[in-house]
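Participant: The structure that follows is given in the form of structure tokens.
Throughout, read-outs are computed from the coordinates displayed, never taken from laboratory work. This one's a predicted model, so the numbers in the text were calculated from it and none came from an experiment. Cβ placement follows ideal geometry from the backbone for every residue including glycine, while neighbour counts extend to all protein chains displayed.
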Amino acid sequence: MTTGDLPLLPTSVIGSYAIPSWVHLAREAAARGEFGASDLKETEDDAVDMAVRDQEEAGVDIITDGEMRRVGFFTAGFYDYLTGIEPEAQSRKSGVGGHDQREKYVAVAPLDAPDGLGVVAEYTYLKTRTTRPVKMPIPGPFTLSGRIQPGQVYRDRMEVAEALAAVVNRELRALAAAGVRFIQMDEPSYAVHSSTPEAFVRLFNRTVEGVDAKISMHLCFGNYLGRPVAKRTYKPLLPHIFDMRLHQYALEFANRELAEMELLKQFPADRELAVGLVDVKNYYIETPEDVAERLRRVLEVVPPERVTVTPDCGFSQTARWAARRKLQAMVEGTRLVRRELAGA
């Protein structure tokens, strides 16, 4: 994918799209033994087709498969590919939803994924469903390590993450070999655990080593059940993350009412910025003018040639009716500003 393939101020989703109700029902049926592997694959194929259609109809420039084959962004779908882990009992299973209700694992042997993490297969299907530029998102090793206790195999979470870095690196190289030109690594845990930014930089650079593709890094503050899980500031990560070997930073701003916008002036001039201007944690539906107003604020500090417009995070925790309308407003608002810049 080259700049010439895209308009000024290209639009994209972050990664996930709203999961339709019938996919939830299909997975529940599969868990009860009522769906076979072929039944579930057909359901997920249809869900990918739906996600692609919604993005294309909204006019999004760079699309994904909506992460329709994944469960919970980085959890069950990816951990199913890993060897060397065993599930642990959840400490809380009912009541108000929270992170302590999520699945947990413990390392019982060195971690590996002999058959990969499944992202290459996601791309193989996606490229048959669209002619538009695509982006393949993948969770980074530190975020993946968050549900895995080190057990007797590793010393701490960072050592678990370092083991996973090799696994993710193989998947990234395989994606590039398969023809993927744009990869986004998702590491919300960097902003959540922001006290060791230098270690994160080393981990990230090790993970992307030798990957021949455009690399974006998505840094947000969490979105499980539509709730952040961190103090929402990027300041502790700066300037350390400028040493990451990447092409684009994808950052969350809409949910914070454009707080810290001035920080964008500090980012290296040779890097792109994917700026979150639609709030996926809020059921207020932005108007195109809302998005245009936010984008004008961005362009006061960053030239348009470096800007991509996105939602703050993925839409997996958002109802589809809201996700569709928010995407449409994002695209229409961006087009308003494009016309202004063109003098139309």
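Participant: Based on DSSP, what percent of beta bridges with both residues in the chain are antiparallel, to the nearest 5? All intermediate terms of the calculation are to be shown ahead of the outcome.
Facilitator: On the way: 6 of 35 bridges.
Roughly 15 percent of the DSSP beta bridges within the chain come out antiparallel.
Participant: Rounded, prolate or oblate, given the Cα gyration tensor of region 222-290, with a/c below 1.5 counting as rounded?
Facilitator: Working: a/c = 2.16, a/b = 1.56, b/c = 1.39.
Prolate, because a/c is 1.5 or more and a/b exceeds b/c.
Participant: Under a point spin-label approximation (7 Å from Cα along Cα-to-Cβ), what is the residue 46-residue 270 distance to one decimal in nm?
Facilitator: Going from the residue 46 label point to the residue 270 one covers 4.9 nm.
Participant: Then there is this: Among 285, 120, 331, which residue has its Cα furthest toward the positive end of the charge dipole of the chain, with +1 on Lys/Arg Cβ and -1 on Asp/Glu Cβ?
Facilitator: 285
Participant: Extending each Cα 7 Å along its Cβ direction at residue 300 and residue 320, get the distance between those two points in nm, one decimal.
Facilitator: Calculated label separation equals 3.9 nm.
Participant: Right, another one. Among 189, 200, 141, whose Cα projects farthest towards the positive end of the dipole of region 108-244, with charges put on the beta-carbon of Lys, Arg (+1) and Asp, Glu (-1)?
Facilitator: Checked the options; the winner is 189.
Participant: Also: For region 151-182 and region 233-259, write down the distance between their C-alpha centroids in whole Å.
Facilitator: 22 Å
Participant: Take the Cβ-Cβ distance between residue 22 and residue 282 as r, set R0 to 25 Å, and report the resulting FRET efficiency rounded to the nearest 0.05. Mind dumping the intermediate values first?
Facilitator: Numbers: r = 25 Å, r/R0 = 1.01.
Efficiency for this residue pair is about 0.50.
Participant: Now for a separate question. Kindly provide the pair-distance distribution of region 285-342 built from C-alpha pairs, with 10 Å bins from 0 and whole-percent values in order of increasing distance.
Facilitator: Over region 285-342, the share of Cα pairs per 10 Å bin runs 23, 52, 22, 3 percent.
Participant: What ³J(HN,Hα) values, in whole Hz, does the Karplus curve 6.51 cos²θ - 1.76 cosθ + 1.60 give for region 305-316 when θ = phi - 60°, with x put for Gly and Pro?
Facilitator: After applying 6.51 cos²θ - 1.76 cosθ + 1.60, I find 5, 9, 10, 10, 9, 9, x, 4, 9, x, 9, 5 Hz.
Participant: Pairs to check: 41/214; 135/326; 235/265. Give those whose C-alpha atoms are more than 22 Å from each other in this structure. Don't skip to the end; give the middle numbers.
Facilitator: On the way: 41/214 29 Å; 135/326 20 Å; 235/265 13 Å.
Long pairs (Cα-Cα over 22 Å): 41/214.
Participant: Could you pull out every residue, at least 5 positions away or on a different chain, whose amide H is within less than 5 Å of the one on residue 272? Hs are placed 1.01 Å off N in the peptide plane, and Pro or chain starts have none.
Facilitator: 248, 249
Participant: Now for a separate question. Filter the DSSP H helices in the chain by two things, a Kyte-Doolittle mean of at least -1.0 and an axial alpha-carbon span of 30 angstrom or more, and list the hits by number.
Facilitator: Those that pass (Cα extent of 30 Å or more, hydropathy at least -1.0) are 157-178, 320-341.
Participant: When you take every Cα atom in region 1-73, what is the radius of gyration, and what is Dmax, the widest Cα pair distance, in Å?
Facilitator: Just the Cα atoms of region 1-73 yield Rg and Dmax of 14.8, 49 Å.
Participant: Grab the alpha carbons of the chain, take their convex hull, and tell me the volume per residue in Å³.
Facilitator: Taking only Cα atoms, the chain has a hull volume of 134 Å³ per residue.
Participant: For the chain, set up a GNM with springs between Cα atoms under 10 Å and report which of 140, 98, 77 has the largest fluctuation.
Facilitator: 98
Participant: Arrange the peptides 20-26, 156-162 so that the one whose residues have, on average, the most other Cβ atoms within 10 Å appears first.
Facilitator: The peptides rank, most packed first, as 156-162, 20-26.
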